[in-house]
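K.L.:
This is the structure I want to talk about, given as structure tokens.
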Amino acid sequence: MSNMENIDWTSLSFGYFKTDYNVRATFTDGKWSDMEITDSETINIHMAATCLHYGQEIFEGMKAFMGKDGVVRIFRPEENLKRIQSSANGLLMEPISSELFLKMVKSVVKLNKRFVPPFESGCSFYIRPVQIGITPRIGVQPSTDYMMVIFGGPVGPYFKTGFQPTKVAIFREYDRAAPCGTGRFKTGGNYAGSLRATARARAMGYSAVLFLDPKEKLYLDECGPANFFAIKGDTYITPASNSILPSITNMSLQQIAKDLGLKVECRPIPVEELAEVDEASECGTAAVCAPISEVYDFDRDKAYIIAKDGKPGPVTTQLYQRLLAIQKGEYPDTHGWLTTID
Ligand SMILES: *Cc1c(COP(=O)(O)O)cnc(C)c1O
């Protein structure tokens with residue numbers, strides 16, 4: 001077992017970190033088991049399990065933070081609960097009971113409290129629930145049995161070199177999801193489908209792909225693992241689309257934008273409108289906001305330069321700082337977004 005004193009918080013990346021315990025539950029014979037605590041890092045499943053062959057896999061991601069006051073707070077776990085239940089329905093999997101999920105999330109943090117990074121470190125504790133279909137099947141059918149595993153570990157700040165904008169790419173020859181497909185569910189298959197496009201963008205010096213709506217390729221959708229928003233005058237704009245994953249960070253930023261007196265528009269955003277925006281950013285749990293300096297449309301050979309000075313915009317910076325301050329317990333939690341761990 002590693003000692004807390006031995007963890008070098010400054011060198012933490014956003015990656016897997018072994019902790020003391022993870023928690024699990026299974027759905028068999030028509031009911032969920034109670035939560036089980038284990039120190040095993042592996043799971044034992046049948047080689048014909050539906051998660052392996054037919055993609056019955058859904059997951060979540062959320063964070064817990066140690067406050068200056070030593071209190072550990074989890075950010076909006078009820079929203080992750082609603083979303084994993086929605087993903088389960090989308091993939092014809094058994095939705096977990098609300099009480100069990102929230103108990104598991106809180107327990108995994110409590111059991112690994114010595115791995116929750118201190119306030120000053122700028123690090124957080126990332127929580128990863130994953131649910132899989134485990135019934136052996138060869139014919140295409142949903143499982144009748146499911147497993148939920150929730151593990152977590154300390155992760156470093158997303159921006160090692162500070163809060164800096166990066167460039168993103170548009171390619172019309174790839175989609176991450178289909179128009180009426182699984183884009184709005186948090187399932188691994190969407191990620192598998194976005195890896196090739198993302199690898200191509202990275203190889204060319206872009207941090208991510210900004211996917212377009214898969215039906216017409218006229219409107220902005222989202223990045224591989226993150227939503228998109230822009231600031232245009234006094235308005236926060238973010239795409240409305242059936243193939244986007246509803247980001248909890250985006251939802252929270254929209255509320256903060258309103259709190260700061262901005263207007264919020266959730267509507268289709270034509271690619272060309274990028275020429276008129278003042279700021280643009282990706283958003284998601286890992287980074288909160290990842291500002292965008294430039295969007296390069298490869299098919300039209302057109303660069304949309306957003307951050308002319310190469311710096312994050314003032315509104316994006318304000319939104320980012322406010323959300324992070326709420327998560328860390330430094331700014332009043334007026335919307336009831338935090339769950340404290342006792
Ligand atoms: C998880 C995820 C996001 C971000 O959602 P948050 O709840 O803000 O972390 C955005 N897009 C996709 C495709 C995702 O899987």
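All of the numbers you see were taken from the coordinates with simple rules; none came from a lab. Nothing here was measured: the structure is a model prediction, and the numbers come from that model. Heads up, the Cβs are rebuilt from the backbone with ideal geometry, glycines too, and the neighbour counts pull from every protein chain shown.
K.L.:
Got the relative contact order for the chain handy, in percent, Cα pairs under 8 Å and 6 or more residues apart? Before the final figure, lay out the partial values.
P.N.:
Numbers: 733 pairs, mean separation 64.8, N = 342.
Here the relative contact order equals 19 percent.
K.L.:
Would you mind computing, in nm to one decimal, how far apart the modelled labels at residue 46 and residue 34 are, each placed 7 Å from Cα along Cα→Cβ?
P.N.:
Modelled inter-label distance: 2.7 nm.
K.L.:
Which whole-number percent gives the relative contact order of the range 193-339, counting Cα pairs below 8 Å spaced six or more residues apart?
P.N.:
Numbers: 229 pairs, mean separation 26.6, N = 147.
Dividing the mean separation by the residue count of the range 193-339 yields 18 percent.
K.L.:
Sort 135, 285, 144 so the one with the fewest other Cβ atoms within 10 Å of its own Cβ comes first. Don't jump to the answer; show the numbers that get you there.
P.N.:
Numbers: 135 18, 285 23, 144 15.
Least crowded to most crowded, the residues run 144, 135, 285.
K.L.:
Output the relative contact order of the range 160-236, whole-number percent, from Cα pairs under 8 angstrom with separation of 6+ residues.
P.N.:
Details: 92 pairs, mean separation 23.8, N = 77.
Contact order relative to length: 31 percent.
K.L.:
Here's a follow-up. If eta is 1.002 mPa s and T is 20 °C, what Stokes-Einstein diffusion coefficient results for the chain, Kirkwood Rh from Cα pairs, in µm²/s?
P.N.:
On the way: Rh = 21.0 Å.
Rounded, D is 102 µm²/s.
K.L.:
Step through the residues of the range 287-293 one at a time and calculate ³J(HN,Hα) from phi using the Karplus curve (6.51 cos²θ - 1.76 cosθ + 1.60, θ = phi - 60°), rounding each to whole Hz and writing x for Gly and Pro.
P.N.:
9, 6, 10, 10, x, 10, 8
K.L.:
Moving to a separate point now. Tell me the mean residue ellipticity at 222 nm calculated for the chain from its helices only (DSSP H runs of n ≥ 4, each -39500 (n - 2.57), averaged over every residue, nearest 500).
P.N.:
Values: 7 runs with 72 residues, N = 342.
Using -39500 (n - 2.57) per qualifying helix, the result is -6000 deg cm²/dmol.
K.L.:
Where does the range 208-249 land on Rg/Rh, using Cα atoms and the Kirkwood Rh?
P.N.:
Working: Rg = 10.5 Å, Rh = 10.9 Å.
Rg/Rh for the range 208-249 comes to 0.96.
K.L.:
Nearest 5 is fine: what % of DSSP beta bridges in the range 217-342 come out antiparallel, could you say?
P.N.:
Details: 17 of 21 bridges.
Rounded to the nearest five, the antiparallel share is 80 percent.
K.L.:
Please work out how much length the chain gains when fully extended from residue 172 to residue 97, using 0.36 nm per residue of separation minus the C-alpha to C-alpha distance, in nm with one decimal.
P.N.:
Working: separation 75, 0.36 × 75 = 27.00 nm, distance 3.98 nm.
Separation in residues times 0.36 nm, less the Cα-Cα distance, equals 23.0 nm.
K.L.:
Would you list the membrane-span-like helices of the chain, meaning whole DSSP H runs whose alpha-carbon atoms span at least 15 Å along their axis and whose mean Kyte-Doolittle value is at least 0.5?
P.N.:
Values: long enough: 77-90 (19 Å, -1.39); 98-111 (20 Å, 0.85); 248-259 (17 Å, -0.24); 314-327 (20 Å, 0.19).
Membrane-span-like by this criterion, though nothing is claimed about a membrane: 98-111.
K.L.:
Once you place label points 7 Å from the Cα toward the Cβ at residue 16 and residue 120, how far apart are they in nm?
P.N.:
Each label point lies 7 Å from its Cα, and together they span 3.3 nm.
K.L.:
Considering only DSSP beta bridges where both residues belong to the range 167-269, give the percentage that are antiparallel (nearest 5). Working shown, then result.
P.N.:
On the way: 5 of 11 bridges.
Antiparallel bridges: around 45 percent, rounded to the nearest 5.
K.L.:
Here's another thing I want to ask about it. Please list, or write none, the lysines whose alpha carbon is within less than 21 Å of the alpha carbon of residue 63, excluding same-chain residues fewer than 8 places away.
P.N.:
Answer for residue 63, where 21 Å is the Cα cut-off: 18, 82, 103, 106, 110, 113, 160, 186, 328, listed by chain and number.
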